[in-house]
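See below for the structure under consideration.
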Amino acid sequence: MNIKDKFPIYKDNPNLVYLDSAATTLKPESVIKSITNYYTHYSANVHRGLYSIAEQATEEFENARVRIAYFINAEPEEIVFVKNATEAINTVAKCFVECNTRYSNNILTTILEHHSNLLPWIELTRRNKSKLYTAPMLPNGRVDLHYLYNNIQNVGFAAVTMVSNVTGEILPIAEIIAKAHKQNIPVLIDAAQGAAHLPLDVKKLDADFVCFSGHKMYGPTGIGILYINKKFFDFSPLFYGGNMVKTVDANLNPLLNDMPYKLEAGTSPIAEAIGLGAAVDFLSEYGMQKINTNDALLANYALNKLNDVPELNVIGPLDPNNRLPIFSFTIKGIHAHDIASLLNESNVAVRAGHMCAAPAVRALGADAVVRVSLGIYNTEEDADFLCKKLKQIIKRFK
Amino acid sequence: MFYRQKLIELYKHPSNQKEILNPDVSHTQENVTCGDVASIFFKIENGMVIDVGFKGHGCVLAIAGTDIACNLIKSKKLKDIQSIKNEDIIKELGLENIGYNRYDCVTLGLKALNEALKKWKF
């Protein structure tokens, strides 16, 4: 069976060339069905009702948590359901780092970060008048790891991306965590781009905090994961109410629930959590190792094809090593928005702009770029078609 | 949306792309999400636009839209300019269904023009 057959969107849009998986991936039928099943057959609230469909909802919801935990080799209680990676990062910044001077005195990050892993730290360091150390970009389009490693000693906390959503660079997170831990510095890993592509083993990494969004890994929108290592369970909640409270005593003192429920205030996104469970099943069945191998081949192929277009300038690393099939480029004399709109006329979906990472795009010498990001359903033919269309667009502007 | 070749030609050779020295009123408008910029200048006499020009950089829709905005105000009375709508620019460019995400591109020039007018003491 062709992998595209598992994605119903291709039935409606057989000519769609979807190259925007870094923004959001398409959804496989199994994920869509799991959500529809919940709403059709057992759409009760979780952790409350004592009737059958409520029991079933709780079981499916908690079962999704267990499978997601297994997917990254975590314990289920270390898996907190949040809205998305952005909410997860902001939660860590507010509820763990900012309220503890040991961690909040200077933060280390990189210029490559998505705004979601940059702004919470900019705001935090401005509020408490500490310094944000930002590892710059090297001329080869990769992050300056020496800067990163040399400045661990100056900070209380580090927050870095696993993979750049602009250049596709894979950062050596195991090494970063190991070096930070030598100086007792906890690290947050933004795995929003990495989770759908690279095997994640939080135990092997000795990770502290890891965040990712469901919708970038073939799951639904509105659900993400905040992994918190057990050693940091003395985490204050941001929101109060709902299942995060066990009871409130006669003196109005709340008795908070245990982790992870303590951080899941209000009714959870139940269908979305079940959908994310189905998404990790989909990824596991396909095999993360196989995805990794395909990514490397496709990244190499697409990079060569893009480099064959003389007017096109790929920004970021030009070598195929340590990268995902995510490419940003500019074409002299043609604005990124025009390229994206013109590609759309041929059913090719790409992203144009600053990729919610304006400092990274600026560091690479551009205002706006076109980004092509490939997913599990993309093939060499998609890269060929893209380059053919790009050449036609260039011709129209000559 | 469909990019007609005419639109691309307008982008490549806009008729109003020029800086006017000592303009009576001018304004620079930027779309911060993409870095597109349009600076619009005009000369006014007896409540009428006697010359208009723009400088800037941006996508086809931003540049062509700004050029069209300039065409629409030439030799017009200031009070008549205020009634120009975004839809007039879109219609003049022959565009349909431009979509939410490109709306700011097409209307960059008209925004610059309206902001410039605010600086003029009627």
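Measure up B:12/B:85; A:33/A:389; A:388/B:91 against 28 Å on the Cα-Cα distance and list the ones that go over. List each step's numbers first, then the result.
Values: B:12/B:85 24 Å; A:33/A:389 35 Å; A:388/B:91 31 Å.
Exceeds cut-off: A:33/A:389; A:388/B:91.
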**Fill in**
Note: segment A:204-296 at 20 °C, 1.002 mPa s; Kirkwood Rh on alpha carbon pairs; Stokes-Einstein D in µm²/s works out to 138
**Item:** Taking segment A:262-367 and dividing mean pair separation by its residue count, relative contact order in percent (alpha carbons under 8 Å, at least six apart)
**Value:** 17
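Note the full-extension length gain between residue A:2 and residue A:51 as 0.36 nm times their separation in residues minus their Cα-Cα distance, in nm to one decimal. Show your work: numbers first, answer last.
Values: separation 49, 0.36 × 49 = 17.64 nm, distance 4.12 nm.
The residue A:2-residue A:51 span can extend by a further 13.5 nm.
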**Asked** Taking a probe of 1.4 Å, how large is the accessible area per residue of segment A:133-252, in Å²?
**Response** 38
**Request:** Divide, for segment A:59-152, the radius of gyration over alpha carbons by 2.2 N^0.38 Å, where N is the residue count.
**Result:** 1.32
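Could you please report the charge total around residue B:51, scoring K, R as +1 and D, E as -1 over all other residues with beta-carbon less than 15 angstrom from its beta-carbon? If you can, show how the numbers build up before the last one.
Details: positive: B:18, B:43, B:55, B:74, B:76, B:77; negative: B:19, B:24, B:45, B:67.
Neighbourhood net charge equals +2.
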**Request:** Determine Rg/Rh for the protein assembly as shown; Rg is computed over alpha-carbon atoms and Rh is the Kirkwood hydrodynamic estimate from the same atoms.
**Result:** 1.03
**Request:** State, in square angstrom and to the nearest 100, the accessible area buried between chains A and B, both chains counted, probe radius 1.4 Å.
**Result:** 1300
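Which is the longest part of chain A that has none of the chymotrypsin sites (Phe, Trp or Tyr not before Pro) sitting in a DSSP loop with at most 14 other Cβ atoms within 10 Å?
Values: sites that count: A:51, A:233, A:239, A:240.
Of all site-free stretches, the longest is A:52-232.
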**Asked** Any idea what angle helix B:108-118 forms with the longest principal axis of chain B, computed on alpha-carbon atoms, 0 to 90 degrees, nearest 10?
**Response** 20
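Note down the net charge around residue A:159, summing +1 for each Lys or Arg and -1 for each Asp or Glu among other residues with Cβ under 11 Å from its Cβ. The partial results should precede the final answer.
Numbers: positive: none; negative: A:113, A:190, A:208.
Net of charged neighbours comes to -3.
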**Request:** Any chance you could list P(r) for segment A:138-258, counting all Cα-Cα pairs in 5 angstrom bins from zero, rounded to whole %?
**Result:** 2, 9, 17, 18, 16, 14, 10, 7, 4, 2, 1, 0, 0
**Message:** I'd like the distance between the alpha-carbon centres of segment A:14-51 and segment A:58-74, rounded to an integer number of Å.
**Reply:** 16
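Reported to two decimal places, what Rg/Rh ratio describes segment A:77-221 when computed on Cα atoms with Rh from the Kirkwood expression? Walk me through the numbers on the way to the answer.
Numbers: Rg = 14.1 Å, Rh = 15.2 Å.
That ratio equals 0.93.
State the percentage of accessible surface on segment A:92-143 attributable to carbon and sulfur atoms; use a 1.4 Å probe and exclude ligands, DNA and RNA. Write down the numbers at each step before the final one.
Values: 1230 of 2310 Å².
Solvent-exposed carbon and sulfur of segment A:92-143 make up 53 percent of the total.
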**Request:** Quick one: dipole size for the protein assembly as shown, taken about the Cα centre, charges +1 on Lys/Arg Cβ and -1 on Asp/Glu Cβ, in debye to the nearest 20.
**Result:** 1420
**Prompt:** Using the heavy atoms of the protein chains alone and a 1.4 angstrom probe, what is the accessible area of segment A:309-398 per residue in square angstrom?
**Reply:** 37
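Over all residues in A:158-167, what is the mean tally of Cβ atoms on other chains that come within 10 Å of each residue's Cβ? Walk me through the numbers before you get to the answer.
Values: counts 0, 0, 0, 0, 0, 0, 0, 0, 0, 0.
Mean partner-chain Cβ count within 10 Å for A:158-167: 0.
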**Message:** Can you tell me which lysines have their Cα less than 22 Å from the Cα of residue A:27? Leave out same-chain residues fewer than eight positions away.
**Reply:** A:4, A:6, A:11, A:83, A:216, A:290
**Prompt:** For chain B, max minus min Cα coordinate along each principal axis, in Å, sorted largest first?
**Reply:** 40, 24, 24
**Asked** Per residue, how much accessible area does segment B:31-76 have with a 1.4 Å probe, in Å²?
**Response** 33
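Using a 1.4 angstrom probe on heavy atoms only, work out the carbon and sulfur share of the accessible area of segment A:221-314 in %. All intermediate terms of the calculation are to be shown ahead of the outcome.
Values: 2250 of 4430 Å².
Summing carbon and sulfur atoms, their accessible area is 51 percent of the total for segment A:221-314.
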**Request:** Find me the longest stretch of chain B that has none of the exposed trypsin sites (Lys or Arg not before Pro), where exposed means in a DSSP loop (not H, G, I, E or B) with at most 12 other Cβ atoms within 10 Å.
**Result:** B:5-84
**Prompt:** Which residues of segment B:9-57 bury at least 30 Å² of accessible area once all protein chains are present, versus their chain alone (1.4 Å probe)?
**Reply:** B:11, B:12, B:33, B:34
**Request:** Report which residues of segment A:331-350 become buried by 30 Å² or more of accessible surface when going from the isolated chain to the complete set of protein chains (1.4 Å probe; DNA, RNA and ligands ignored).
**Result:** A:335, A:337, A:338, A:341, A:345
**Item:** Reachable aspartates and glutamates, given that their alpha-carbon falls under 12 Å from the alpha-carbon of residue B:119 and they are not under 8 places away in the same chain
**Value:** B:24
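Whole number please: convex hull volume per residue of the Cα set in segment A:4-163, in Å³?
Working: hull volume 28.0 nm³, N = 160.
Convex hull volume per residue, Cα atoms: 175 Å³.
The values are calculated or read from the model by the stated rules, or taken from the named source; none is laboratory data. All figures in this text were calculated on a predicted structure; none of them were measured in a lab. Glycine also receives a Cβ, built like all others from the backbone with ideal geometry; neighbour counts cover every protein chain displayed. Note: areas computed on protein heavy atoms with side chains; ligands, DNA, RNA excluded. Shrake-Rupley method; radii C 1.70, N 1.55, O 1.52, S 1.80 Å.
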